[in-house]
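All remarks here apply to the structure that follows.
The values are calculated or read from the model by the stated rules, or taken from the named source; none is laboratory data. Owing to the predicted nature of the structure, the values given are computational and were not obtained by experimental measurement. Each accessible area value is taken on the protein alone, full model and side chains, heavy atoms only, with ligands, DNA and RNA left out. Shrake-Rupley method; radii C 1.70, N 1.55, O 1.52, S 1.80 Å.
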Amino acid sequence: MLLAFSVAPSGVPSEGSTPNDASVHDAVAAAVKIVRESGLPNQTDSMFTTIEGEWDEVFDVVKRATEAVGRYGSRVSLVIKADIRPGYSGELTAKVDRLESALAQDS
């Protein structure tokens, strides 16, 4: 499975947490750190972090990343999009490779 997610805090953080400001980069960094430490294939762009793995391991990482972001606000927004394709792995890069190949053929 490929799972793209975006997680961000809102509201006032609990006492002792990082102060709230217009940027959420510290909260996002906490989430991405958990993703990278998971050992699952992943990539982060300006809007989403995508991870690849089995259902339970992917959702465990998303849960832990969401909990980490929760320290930065009283609420958390989580957006998830998944591509569930049993029997396939390496799709984090293979899907893009197929796209680039198709674009090259049209040139």
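The Cα atoms of the stretch 35-107 define a convex hull whose projected area, averaged across directions, is 6.3 nm². Excluding same-chain neighbours fewer than eight residues apart, the lysines reachable from residue 63 by a Cα-Cα span under 20 Å are 33, 81.
3J(HN,Hα) along the stretch 46-56: 5, 10, 9, 10, 10, 10, 10, x, 7, 3, 5 Hz, from the Karplus curve 6.51 cos²θ - 1.76 cosθ + 1.60 with θ = phi - 60°, whole Hz, x for Gly and Pro. 3J(HN,Hα) along the stretch 91-107: 6, 4, 9, 5, 5, 5, 4, 5, 4, 4, 5, 5, 5, 5, 5, 7, 7 Hz, from the Karplus curve 6.51 cos²θ - 1.76 cosθ + 1.60 with θ = phi - 60°, whole Hz, x for Gly and Pro.
Backbone amide hydrogens, once placed in the peptide plane, bring residue 48 within less than 5 Å of nothing, excluding anything fewer than 5 places away on its chain. Taking all protein chains into account, the per residue accessible area for the chain stands at 66 Å² (1.4 Å probe). Taking all protein chains in place and a 1.4 Å probe, what share, in percent, of the accessible surface of the chain do carbon and sulfur account for? Carbon and sulfur atoms account for 53 percent of the accessible area of the chain. When you restrict to C-alpha pairs under 8 Å that are six or more residues apart and normalise by the size of the chain, the relative contact order lands at 44 percent.
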